[in-house]
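The values are calculated or read from the model by the stated rules, or taken from the named source; none is laboratory data. This is a predicted model, so every value here is computed, not measured. Cβ: placed from backbone, ideal geometry, glycine included. Neighbour counts: every protein chain shown.
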Amino acid sequence: MEIGLNHYLVLSTILFAIGLIGVLKRKNLLLLFFATEILLNSVNVAFAAISHYHGDLTGQMFAFFVIAIAASEVAVGLGLLIVWHKRHSNIDLDQMSSMKG
Amino acid sequence: MFEAIAFYLFAFLTITMFYITVTTSQALHALTALAAGMIFISAFFFILGADFLGAVQIVVYSGAVMALYAFGMMFFDTTRELKEKQGNKYIIFGLSVLAAVLVVLIFAAPMVSDNITALYPMTEGVGNTQEVGMVLFTKYLVPFEVAAIMLLVAMISGIVLASKQMDVSQTLSKDEPIQESKKGVTS
């Protein structure tokens, strides 16, 4: 019953697959952002597991930078969504097929 | 033994929560399930001995990111039922499995092929937070500062995008109530 590195990698892969299904399936842009958060978190789990089982701190450093990128992505993405919602009053992905603004 | 029990328990909970997030049709359920999943993800970090990373995960994700998403949910009025994209399910499933297998190969290929040695090995007798501080402020100082600049840019862009009438100065405008009250005091 020893938990090894492969357990964590398999878990990370399952979470990544769930997030990827969400990205492909969602039509509302807010819920598509939720799915991207799941993707980033699954990669963080893999980084922390590799960092633990190899006795190296580089994985945790990359996890920190991934968290910073996720936070800034949320800020910029929600700002853009607010601008879009003011103009078109919906945030459906199908309405964004043309880039005429 | 306890590590195995904790791993399987939190793995089950995390997968369940994220599955609810992806599949539910209510935006509120998706938000709460995502917040719970973030907390359960931090449990893995605590199991793996990355205490500081777990604390940062709780603070950043379930504090800041979830608050932003809650604001977005209230702003966008997503209380109604969500319509899903009507695509071919087999294509979506096949692409997801393919991409997941690709990720496993990316992670597993260097481990199988080569003996990895620790670049910055963990020092004995020092807590995780101190280790993180020592490595982050010596070896990763420049990426740390670049990340700080990136967060500043994101903050400014968020303010500029979400606010209105940024070209008109609010403090220099003529009809300001503070100046009127000041006039009333002097006269």
Any hit, the range B:40-47, residues being in a helix (DSSP H, G or I), modelled with pLDDT of 85 or more, closer than 22 Å to A:GLY77 by Cβ and not assigned by TED's automatic domain parsing to the domain that holds B:LEU136: yes
Residue within the range B:140-159 that is among the β-branched types (Val, Ile, Thr), part of a helix (DSSP H, G or I) and at pLDDT below 80 present: no
Residue ID - modelled with the lowest pLDDT, chosen from residues in the range A:53-67 that are in a helix (DSSP H, G or I) and surrounded by 20 or more Cβ atoms within 10 Å (Cβ to Cβ): A:GLY59
Given (1) over 21 Å from B:ALA64 (Cα atoms); (2) more than 18 Å from the chain's Cα centre (by Cα), number of the condition A:PHE47 does not satisfy: (2)
Cβ-Cβ under 6 Å pairs, at least 6 apart or on other chains, the range A:83-95 side in contact (Cβ under 8 Å) with a residue 40 or more places away in the chain, far side of a type in the set (Lys, Arg): A:ASP92/A:LYS27; A:LEU93/A:LYS27
Residues of the range B:22-73 satisfying the condition of being touching a residue at least 60 places away in the same chain (Cβ under 8 Å) and among the aromatic types (Phe, Trp, Tyr): B:PHE52
The one condition in (1) modelled with pLDDT under 85; (2) under 23 Å from B:VAL56 (Cα atoms); (3) within 7 Å of another protein chain (Cβ to nearest Cβ) that A:LEU5 fails to fulfil: (3)
Enumeration of residues in the range B:1-31 that are within 7 Å of chain A (Cβ to nearest Cβ), closer than 22 Å to B:ALA67 by Cβ and either in contact with a Cys (Cβ under 6 Å, 6 or more places away or on another chain) or not polar (S, T, N, Q) (or both): B:PHE18, B:VAL22, B:ALA27, B:ALA30
Total residues in the range B:70-106, condition modelled with pLDDT under 70 and either of a type in the set (A, V, I, L, M) or in a helix (DSSP H, G or I) (or both): 1
Filter result (more than 8 Å from chain A (Cβ to nearest Cβ) and surrounded by 18 or more Cβ atoms within 10 Å (Cβ to Cβ)) within the range B:53-68: B:GLY54, B:SER62, B:MET66
Candidate set from the range A:20-32 (those that are assigned to a helix (DSSP H, G or I) and facing chain B (nearest Cβ under 7 Å)); member that is farthest from B:VAL104 (Cα to Cα): A:LEU30
Check on A:LYS86, more than 7 Å from chain B (Cβ to nearest Cβ) and basic (Lys, Arg): yes
